[in-house]
1. If you take the Cα atoms of segment 49-138, find Rg, then find the Kirkwood Rh from the mean of 1/r over all pairs, what is Rg/Rh?
2. Could you list the GluC sites (Glu not before Pro) in segment 150-219 that lie in coil according to DSSP, counting only those with at most 11 other Cβ atoms within 10 Å of their Cβ?
3. At a probe size of 1.4 Å, how large is the accessible area of His43, to the nearest 10 Å²?
4. Can you tell me the accessible area per residue over the chain, all protein chains present, probe 1.4 angstrom, in square angstrom?
5. Distance from the Cα centre of segment 71-125 to that of segment 167-185, in angstrom?
6. Give the percent of DSSP beta bridges with both residues in segment 23-140 that are antiparallel, rounded to the nearest 5.
7. With every protein chain kept in the model, how would you rank Phe201, Phe153, Phe211 by accessible area, 1.4 Å probe, largest at the top?
8. Among Met26, Met77, what's the order by accessible area (1.4 angstrom probe), most exposed first?
Amino acid sequence: MKSNHLGIGMTSQRTRDRLITRLVEMGIKSREVLDVIKNTPRHIFVDEALASRAYENNALPIGYNQTISQPYIVARMTEALLENGRPKSVLEIGTGCGYQTAILAQLVDRVYSIERIDALLKKARTTLSTLKLRNVRLKHGDGSRGWKEYAPFDGILVTAAPTGVPEKLLQQLAINGRLIIPVGRAGEQKLLLIKRTETGFEEQQLDMVSFVPMLEGVG
Ligand code: SAH
């Protein structure tokens, strides 16, 4: 197999196409989400030792006890966020390696992302600038408090699971905005879509999921 500049052949277009086929089989319909996933190099978000597995539909370790989300989950959450038209500003909680951030940055105007582990945030910053994604603002902090300075957000996407929906995130959601959030303890997490209306909030369950827990404070 011909290898690319990283010395691995697994990042070939065929390998990426196979992942897209799998996502379609699993029910992802949004062409724009599928296209962005297809064209985003996931292998640069993981350690070189794991790069050959980057286009499998699996979560992978990124150090510090954290993971890069499974491509299907990234696709599902992004699709749910965009279902009603493109949000302009999106807040992401749990930057991790920055993969979900990169997908969002190619689909919405502005992405704000908060991570509690500084070393992960620094790495994500480098990777995102390698990809020349400049509509992203990153912050080291506890995401359960949101990011008041830039609120309200048209969309909020949470990639670590709290046991209940943080009040601050509801407050920072714009009217007609959408919050996608996994809630619950390990083994019983539900992925929720919460829409803010003129008068309150509407909640819908999307899937059963398995995220790392949302932790308080900074790491
Ligand atoms: N979005 C990532 C998934 C990262 S895993 C991806 O695309 O793959 C979840 C991340 O949430 C971890 O890096 C973890 O450190 C972070 N996290 C957990 N609790 C947090 C909190 N209260 N505030 C900010 N980040 C948090």
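1. Details: Rg = 12.8 Å, Rh = 13.5 Å.
Rg/Rh for segment 49-138 comes to 0.95.
2. Glu188, Glu198, Glu216
3. The accessible area comes out at roughly 10 Å².
4. 50 Å²
5. 14 Å
6. On the way: 3 of 13 bridges.
If I count the DSSP bridges inside segment 23-140, around 25 percent turn out antiparallel.
7. Numbers: Phe201 95, Phe153 0, Phe211 25 Å².
Largest accessible area first, the list is Phe201, Phe211, Phe153.
8. If we order Met26, Met77 from most to least accessible, we get Met26, Met77.
The values are calculated or read from the model by the stated rules, or taken from the named source; none is laboratory data. Given the structure is predicted, the values throughout are model-derived calculations rather than measurements. Note that each Cβ is placed from the backbone with ideal geometry, even for glycine, and that neighbours are counted across all protein chains shown. Just the protein is used for accessible areas: all its heavy atoms, side chains included, with ligands, DNA and RNA removed. Shrake-Rupley method; radii C 1.70, N 1.55, O 1.52, S 1.80 Å.
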